[in-house]
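Notes for the one structure printed next.
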Amino acid sequence: MEFNITAEEEALVHDIADRLRAGDSPTDDDLAEELGDEVRPHLSSLVTKGWLVVDAQRSLTLSRIARAAISSGRDIGGAQA
């Protein structure tokens, strides 16, 4: 897992975590429709870095390590601009 993520990626991780806690299971298309297509490279990067997992229905969820990082309440990923 790559712990260095950008501020935009960190914000996206928190947004997805909030959606998951609310019972939503967003897909990349859902997020792109709402936030714009510029979110797609960030999602792809987060999948590659091991922060997000895509299930068979293309729903996004946080990886186990990402969930632990979020629940710790600390600045996750040493976010870089």
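The values are calculated or read from the model by the stated rules, or taken from the named source; none is laboratory data. What you see is a predicted model; the values in this text were computed from it and never measured. Don't worry about glycine lacking a Cβ; one is built from the backbone with ideal geometry, like all the others, and counts go over all protein chains shown. Side chains included, ligands, DNA and RNA excluded: accessible areas come from the protein's heavy atoms. Shrake-Rupley method; radii C 1.70, N 1.55, O 1.52, S 1.80 Å.
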Problem - Orientation-averaged projected area, Cα convex hull of the chain (nm²) - result: 4.9
Problem - Protein accessible area in the chain, 1.4 Å probe - carbon and sulfur % - result: 50
Fill in the blank from the handout: Magnitude of the Cβ-charge dipole (Lys and Arg +1, Asp and Glu -1) of the chain about the Cα centre, nearest 20 debye, reported as 520
Fill in the blank from the handout: From highest to lowest solvent-accessible area (probe 1.4 Å; ligands, DNA and RNA excluded), THR48, THR61 read THR48, THR61
Problem - Filtered trypsin sites (Lys or Arg not before Pro), the chain: DSSP coil and at most 13 other beta carbons within 10 Å - result: ARG58, ARG74
Problem - Rounded accessible area per residue of the chain, 1.4 Å, Å² - result: 59
